[in-house]
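Student: Structure below; questions to follow.
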Amino acid sequence: MKPLRIMATPSPAVGHFFPMVPMLWALRSAGHDVRVVVPAFFVNTVLQAGLAAVATAPVSEEQALDARDDIDDDHTTGTYRRLARIANAMAGDVERIVDGWRPHLVISDPMDFTGRRAAAEHGLAHAEHWIGGFLPTEPRTSAARHVFGAWHEAWPGMGSVPDMVIDPCPPGFQSAGAPSGIRTRYVPYNGPSAVPAWLTDRDRPRRVLITLGTIVSQGPEAHQLLERTLDATARPDVEVVVAARPGTVPQELAQRAKAVRWLPIGLAVQHCDLIVHHGGSGTTMAALAHGVPQVVCPSVLDQTDNARRLEELGAGRLVPVPAALAGDGELVRAVEDVLGDPRYAKSAAVLRDENDAAPAPARAAEQLLRTMGER
């Protein structure tokens, strides 16, 4: 096959871009010209992944994510409004790229508007790379209509169905109504990473990893939620590690853990017996890939769906944020339950084995291009 020109348009957030990286590298390693089109503020994240970036939209991250005019929106609509703002700023540059470079294939994530529009307008092959479980199309389309209003009609492809879907979710965890797609193994990627030597120690007590993710950890209740989580995991036979950015955890909380530092979740979680987190797809999928049971305190978007599915499958427990903040013992009981009952670890191991059995990204990339050639 002659080398193809492949334009990736992830939403400019690590939770959307990172799941794509193994597939983009598989395509790049197969000899194809892969370029990641993102706003200027996200270019460095792409470069750190060793991929080629094309900078568009000289909008700052603060401008793009400024939520002051979204104060009356629910979280989902506010998220779409911010992504729409970014897409609008990128539109002119993306048109120039498509006209001049003529990509053969566009790969976007489920919440991206930019690539979806370009593919629809120019008749390009379009693959949607999921970040975890299936996100139903109708709520996304409804939110887009609400956000864009009349502009929605001027943006073709907003509710279009992609030609191909890349599905990195283990079948047992995937939503029942998900359309069939090209299966690939979920390979956790968290950016350039360094891990401390002690993380791999075999002679250690049981270890619990705590993380609130990149968004929840910046919220107004983050410190209180972390304090409640530390309370719930405070046991003499348990070692607690908090994965957080430097300077984001108050000293009085940091001293209650063995370590508080940024850690790549995909590498750290495999050396832990339990992870307590917010339910983001990246963290959920990384724990699934390594068969680690989970206690999830979800608040928005896909987090609650992930937590419910884990609980249904016996691979984790759901504790809503209000219950966790209440400090009435529900979070403590969930942690004790998962650590004390081996059935949670066994259920998590089943999902890990399903993920391991899926085609590696290199094989899935071959199938993607075969499918594209048949359309």
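Student: Residue 295 fails exactly one of the following numbered conditions: (1) in contact with a His (Cβ under 9 Å, 6 or more places away or on another chain); (2) not in a strand (DSSP E or B). What is the number of that condition?
Tutor: (2)
Student: Every residue in the stretch 315-337 that is in contact with an Asp or Glu (Cβ under 9 Å, 6 or more places away or on another chain) and either at negative phi or free of Cβ contacts under 8 Å to residues at least 40 places away in the same chain (or both), please.
Tutor: 317, 318, 319, 320, 321, 323, 324, 325, 331, 332
Student: I'm trying to understand the selection: among the residues of the stretch 216-265, which are β-branched (Val, Ile, Thr) and buried (at least 19 other Cβ atoms within 10 Å of the Cβ)?
Tutor: Scanning the stretch 216-265 gives 216, 229, 233, 240, 241, 242, 249, 260, 265.
Student: Since residue 329 meets every condition but one in (1) modelled with pLDDT under 95; (2) within 13 Å of residue 184 (Cα to Cα), which condition does it not meet?
Tutor: (2)
Student: Let me ask something else about it. Scan the stretch 316-329 and give yes if some residue there is within 24 Å of residue 167 (Cα to Cα) and either under 19 Å from the mean Cα position of the chain (by Cα) or in a strand (DSSP E or B) (or both), otherwise no.
Tutor: For the stretch 316-329, residues within 24 Å of residue 167 (Cα to Cα) and either under 19 Å from the mean Cα position of the chain (by Cα) or in a strand (DSSP E or B) (or both): present.
Student: Moving on. For a quick check of your reading of the model, give me the residue pairs whose first member lies in the stretch 294-313 and is assigned by TED's automatic domain parsing to the domain that holds residue 345 and in contact (Cβ under 8 Å) with a residue 24 or more places away in the chain, whose second is of a type in the set (Val, Ile, Thr) and outside any strand (DSSP E or B), with beta-carbon atoms closer than 6 Å and at least 6 apart or on different chains.
Tutor: If the second residue must be of a type in the set (Val, Ile, Thr) and outside any strand (DSSP E or B), the pairs left are 295/335; 295/338; 297/319; 297/321; 299/321; 306/284.
Student: For the stretch 234-290, give me each residue that is within 25 Å of residue 16 (Cα to Cα), part of a helix (DSSP H, G or I) and not small (Gly, Ala, Ser).
Tutor: 265, 267, 269, 270, 271, 283, 284, 285, 288 - these are the residues of the stretch 234-290 that are within 25 Å of residue 16 (Cα to Cα), part of a helix (DSSP H, G or I) and not small (Gly, Ala, Ser).
Student: Can you find a residue that is in a loop (DSSP other than H, G, I, E, B), among the hydroxyl-bearing types (Ser, Thr, Tyr), at pLDDT below 90 and closer than 19 Å to residue 352 by Cα anywhere in the stretch 174-196?
Tutor: Yes, because at least one residue in the stretch 174-196 is in a loop (DSSP other than H, G, I, E, B), among the hydroxyl-bearing types (Ser, Thr, Tyr), at pLDDT below 90 and closer than 19 Å to residue 352 by Cα.
Student: Restricting attention to the stretch 173-191, report how many residues are without any contact (Cβ under 8 Å) to a residue 24 or more places away in the chain and either of a type in the set (Ser, Thr, Tyr) or in contact with a strand residue (DSSP E or B) (Cβ under 9 Å, 6 or more places away or on another chain) (or both).
Tutor: 1
Student: Spot the failing condition for residue 21; the list is (1) outside any helix (DSSP H, G or I); (2) in contact with a Phe, Trp or Tyr (Cβ under 6 Å, 6 or more places away or on another chain); (3) not polar (S, T, N, Q), and only one is missed.
Tutor: Just one mismatch for residue 21, condition (1).
Student: OK, next. Which of the residues spanning the stretch 266-286 are in contact with a His (Cβ under 8 Å, 6 or more places away or on another chain) and crowded, with 24+ Cβ neighbours inside 10 Å?
Tutor: Passing the criteria: 269, 283, 284.
Student: Let me ask another. For the stretch 83-93, enumerate the residues that are surrounded by fewer than 22 Cβ atoms within 10 Å (Cβ to Cβ) and in contact with a Ser or Thr (Cβ under 7 Å, 6 or more places away or on another chain).
Tutor: Passing the criteria: only 93.
Student: Filtering the stretch 86-138 down to residues that are polar (S, T, N, Q) and under 25 Å from residue 285 (Cβ atoms), which residue is modelled with the lowest pLDDT?
Tutor: Ranking the candidates gives 137 first.
Student: Follow-up. Report yes if residue 222 is out of contact with any His (no Cβ under 9 Å at 6 or more places or on another chain) and under 21 Å from residue 21 (Cα atoms), otherwise no.
Tutor: no
Student: In the same structural domain as residue 344 (by TED's automatic domain parsing) and more than 21 Å from the chain's Cα centre (by Cα): does that describe residue 249?
Tutor: yes
Student: Pick from the stretch 106-126 the residues that are in a strand (DSSP E or B) and in contact with a Leu (Cβ under 6 Å, 6 or more places away or on another chain): which of them is surrounded by the fewest Cβ atoms within 10 Å (Cβ to Cβ)?
Tutor: Out of the qualifying residues, it is 125.
Student: Can you confirm whether residue 167 is modelled with pLDDT of 85 or more and under 26 Å from residue 25 (Cβ atoms)?
Tutor: yes
The values are calculated or read from the model by the stated rules, or taken from the named source; none is laboratory data. Predicted model only: the values in this text are computed from it and were never measured. Glycine gets a Cβ as well: all are built from the backbone with ideal geometry, and neighbour counts include every protein chain shown.
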